[in-house]
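The values are calculated or read from the model by the stated rules, or taken from the named source; none is laboratory data. None of these values were measured; they are calculated from a predicted model. Because the Cβ atoms are built from the backbone with ideal geometry, glycine has one as well, and the counts that use them run over all protein chains shown. SASA here: full protein model, heavy atoms, side chains in, ligands and nucleic acids out. Shrake-Rupley method; radii C 1.70, N 1.55, O 1.52, S 1.80 Å.
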Amino acid sequence: MSKSEPVAIGVSNLSHTFGDFPALNNVSLDVRPGELLALLGPSGSGKTTLLRAIAGLARPDSGVISFQGADAEGLSLRDRRVGFVFQQYALFRHMTVADNIGFGLRVRPRRRRPTRAAIASRVAELLALVQLDGLGSRFPDQLSGGQRQRVALARALAIEPQVLLLDEPFGALDAKVRKELRQWLRGLHKETGLTTIFVTHDQEEAMELADRVVIMREGRVEQVGTPAEIYDAPATPFVCDFLGHAFRFSVAVQGGSARVLGADVATKLADGPALAYVRSHDVAVAPVEANGVAARLLALRGSGASLALEFALPGLSAPVEVLCPRVNVAGEDFVVGADYVLTARAAHIFPAP
C-alpha cells in the first residue's frame, strides 16, 4: 500500500460549549505530520469533542483548525480527507465485509468513482493489510469483535485519507484482544504513514501506542509530550496523579530538597511549603528495622504478580495504597496488622496551592 503524504494539523484557541458546559476551553495543539497522537483524559475532558472538531463533524464556537497551514473552516469530513473510526464499528450488517470496505468508494460522485475492478482491487489490498484475507464474503455478525474493528479501519483507509481519526477504537473489546490490536495498529501506522489521532481513556493504551500523548482535563490541555516525558516529568499535580495513582504529602522545601517518606527528593522550587506526590509503585516496603516512616498494614489484595497493600501512615487521615511484589524484601509473606517501614524511591514536588 502506498503511503500518503503526512499532514500537519493545527488547532488554535479552540472553544466549544454545550449549553453552559465548556467542552473545549481555548485549546491549542500542533499535530506533527505522520505522528500517532493520543488524546487521553477522564470522561468529560473534551477528547471526543476535539476529535470531532478536527474531523469536521462538530463546528467549534471559536478558534481555528488548519490542515497543512490552510484554514479548514467550512470543509466537510470528505473535503478534509479524514478517515474516522468509531468505537462501535458502525458497519452495515446487511453488507459483506468487502462491500463494507468499498462503500466509501462506491458512493463517490460518478466522475470521481473508481471502476468496479479498481474498487475490488483496493478492497483486496486492504483485506490483506488488515490481515483478513479470504473473509471478504462474510457478514459482520460472522466476525469477532477484533475482526470487525479491523474491517472498520480498512473502510476508513479505503478512501485514501490524509488523516486517520479513531474514537476509543478498542473500547468495546476485551483486554486480550485490545492488547493484540494495539500492536497491530502500531504496525499499521508504520505501514501507512498517516497522521493519526486516537482518543482513549486507557492510560496503558496511550503510553504503549502513541508517539506523543495529550493529557486533557475539563476542556483544556494539561500537558503534551512523549509517554516518557509526561510520566517522568508531569507538569501538574493532576497529570502526576492521573498517570499512576499517587498519594500526596505536605512537605517543606529547604536548600533544594524536600524530605518525603524518609527520603530526600531534589527540587528546583524555592524554600517553603510544597506538596509531594508519590506513586503507589514508587514506595519501598521494608521490615521495621530499616530506615523510613513507620506504617501499619491494614489490608492486601492480589493484583497479578504484585500485591496492592493498604497502609495507615501517621498524619494522613486516609490509608495509602502501595504496589509491590508478592513477598517483601525479607522473603516473608506480608501480614495484615503488622508494622513496616515505607521509603519513597521517587516523588514529584509541586508548589503548595
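Summary table below
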item	result
Which listed residue, of 269, 275, is open to solvent by 30 Å² or more (accessible area, probe 1.4 Å), out of contact with any Leu (no Cβ under 7 Å at 6 or more places or on another chain) and in contact (Cβ under 8 Å) with a residue 60 or more places away in the chain	269
Checking residue 113 against (1) touching a residue at least 24 places away in the same chain (Cβ under 8 Å); (2) open to solvent by 30 Å² or more (accessible area, probe 1.4 Å), the condition it does not meet	(1)
Residue in region 59-75 that is among the small types (Gly, Ala, Ser), without any contact (Cβ under 8 Å) to a residue 60 or more places away in the chain, under 29 Å from residue 148 (Cα atoms) and open to solvent by less than 70 Å² (accessible area, probe 1.4 Å) present	no
Which numbered condition residue 172 misses (of (1) over 21 Å from the mean Cα position of the chain (by Cα); (2) of a type outside the set (D, E, K, R); (3) modelled with pLDDT under 90; (4) surrounded by fewer than 18 Cβ atoms within 10 Å (Cβ to Cβ))	(1)
Close pairs (7 angstrom Cβ cut-off, 6 or more residues apart or separate chains): closer than 11 Å to residue 184 by Cβ in region 138-150, part of a helix (DSSP H, G or I) anywhere	146/177; 146/180; 146/181; 149/181
Some residue of region 144-160 being within 26 Å of residue 50 (Cβ to Cβ), in contact with a Lys or Arg (Cβ under 8 Å, 6 or more places away or on another chain) and open to solvent by 80 Å² or more (accessible area, probe 1.4 Å)	yes
Residues that are open to solvent by 20 Å² or more (accessible area, probe 1.4 Å) and either of a type in the set (A, V, I, L, M) or over 21 Å from the mean Cα position of the chain (by Cα) (or both), drawn from region 48-58	56, 57, 58
